[in-house]
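Below: the structure, in structure tokens.
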Amino acid sequence: MKKLLTIVVALFTLFLSSLMRLEAQNKALLRLIQTIPMPNVKGRLDHMDVDVEGKRLFVAGLENGSVEVIDLQAAKWVKSIPGFKKPQGIAYVKSLNKLFVASGDDGMLRVFRGDTLELLDSIKLDLGPNRLAYDPLTQVLYVGYGGQDAGKDYGEVGIIDGKTDKHLGDIKVDAHPSELLLDNSGATLFVFLPAMNIVQAVDTEKRQVVSTWPISSQRPGDGAFDERTHRLFIGTRTPPEMVVMDSESGKEVAHLPTVEGMDGVYFDAVRKRVYISGGRGFDVGNIFAYQQMDADHYDTTGKIPTRPGAGTSFWSSELNRYYVAAPAHDQEGAAILVFEPGS
């Protein structure tokens, strides 16, 4: 009996030691440094963008019909902009002093003055506007919409003149886009199409699809791009995986398990890490962290708890912060969780 008790105590001590090491490892990857409440914001939260110089974070309150404005310097919520129907994509462009907001259920792209947040323009598109990607070289904004959301058997990427707010045309893709990733030159736009489990590469000068690559996992949602190694990081929901794809050939080079309810994928180029947040539709939320060993090899290095339903996130390399949008749940109100990465 005494020997058995000794074994049980030893195993328990080993278990506690392992938990402590795991917690220390997670804190070394991402450390929660602030929780910023967003009062009276209900339902699912979606995409974000940051005003680096003004230290403001813009958050799409998808089910709240609003865009929430966070003062990051003061660590407090400061303003809610109402009047949207399913706001999703957000792009803040400092050089134009503009904030672009796409809302899916009214087919609108609204343009606000960046400093005062006064409404400047409203651009009518078809239903389903979601993701935005801005090219600073041409001052063109790309917006994905159409597909099943608009009752069509194809999707579109709208081309918007960022200076004049004029709709210049559209690029036809095979379904509704869930993600738009632009290379640094602005020459290639990668479009994720979850309804068809494919990635399409668009030549932005020709305004046409030049490559279509299948994804072996289903429902690709968010993604990130490491241009140095020519790698796309694709978050899928069925099964929950991070798929690593060669952006030149479309070949899949790695598959790793990821968080359920995945809704945010970002690449930290300095530390060569991928962060994937998830929890949308689940009673738990986590961030999975991966270390890039080389272009084709990756290690899962941490699983950091967040909050239930906290799917979307945003990585700011300029501010060296990772922001996770946590919706209201039970007795907890909506909040932005601010993480600082370790070295």
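Scanning region 141-168 for residues that are open to solvent by 20 Å² or more (accessible area, probe 1.4 Å) and of a type outside the set (Asp, Glu) turns up GLN148, ALA150, GLY151, LYS152, TYR154, LYS163, THR164, LYS166, HIS167, LEU168.
The strands (runs of 3 or more DSSP E) found entirely in region 265-343 that carry 3 or more residues being of a type outside the set (Gly, Ala, Ser) and within 22 Å of LEU45 (Cα to Cα) are 273-278, 286-294, 297-305, 321-326, 335-341. Evaluate the following for LEU117: is it more than 21 Å from GLY169 (Cα to Cα), among the aliphatic types (A, V, I, L, M) and in a loop (DSSP other than H, G, I, E, B)? Here the answer is yes, as LEU117 does meet what is asked. A count restricted to region 140-187 and to residues that are of a type in the set (A, V, I, L, M, F, W, C), within 20 Å of VAL101 (Cβ to Cβ) and in a loop (DSSP other than H, G, I, E, B) stands at 0.
Annotation note: of GLY89, GLY54, the sole residue that is open to solvent by 10 Å² or more (accessible area, probe 1.4 Å) and in contact (Cβ under 8 Å) with a residue 40 or more places away in the chain is GLY54. When restricted to residues that are within 22 Å of ASP283 (Cβ to Cβ), open to solvent by 10 Å² or more (accessible area, probe 1.4 Å) and either aromatic (Phe, Trp, Tyr) or under 9 Å from the mean Cα position of the chain (by Cα) (or both), region 309-324 contains 0. Looking for something part of a strand (DSSP E or B), at pLDDT 95 or above and open to solvent by less than 30 Å² (accessible area, probe 1.4 Å) - is there at least one such residue anywhere in region 37-44? Checked against the condition, which is being part of a strand (DSSP E or B), at pLDDT 95 or above and open to solvent by less than 30 Å² (accessible area, probe 1.4 Å), region 37-44 yields no hits at all.
Residues are listed down the side, and each one gets a yes or a no for (1) touching a His at 6+ places or on another chain (Cβ under 8 Å); (2) closer than 16 Å to LEU30 by Cα; (3) touching a residue at least 24 places away in the same chain (Cβ under 8 Å):
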position: VAL244; (1), (2), (3): yes, no, yes
position: GLU252; (1), (2), (3): no, no, yes
position: ILE287; (1), (2), (3): no, yes, yes
position: ILE304; (1), (2), (3): no, yes, yes
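Restricted to region 92-114, and to residues there that are of a type in the set (Ser, Thr, Tyr) and in a strand (DSSP E or B), the residue that is surrounded by the most Cβ atoms within 10 Å (Cβ to Cβ) is SER103. Please state which of the following conditions ASP283 fails to meet, knowing it meets all the rest: (1) surrounded by fewer than 17 Cβ atoms within 10 Å (Cβ to Cβ); (2) out of contact with any Pro (no Cβ under 6 Å at 6 or more places or on another chain). Against the list (1) surrounded by fewer than 17 Cβ atoms within 10 Å (Cβ to Cβ); (2) out of contact with any Pro (no Cβ under 6 Å at 6 or more places or on another chain), ASP283 comes up short only on (2).
The values are calculated or read from the model by the stated rules, or taken from the named source; none is laboratory data. From a predicted model like this one, the values you see are computed outputs, not experimental measurements. Please note: Cβ atoms are built from the backbone with ideal geometry, for glycine as well, and neighbour counts cover all protein chains shown. Side chains included, ligands, DNA and RNA excluded: accessible areas come from the protein's heavy atoms. Shrake-Rupley method; radii C 1.70, N 1.55, O 1.52, S 1.80 Å.
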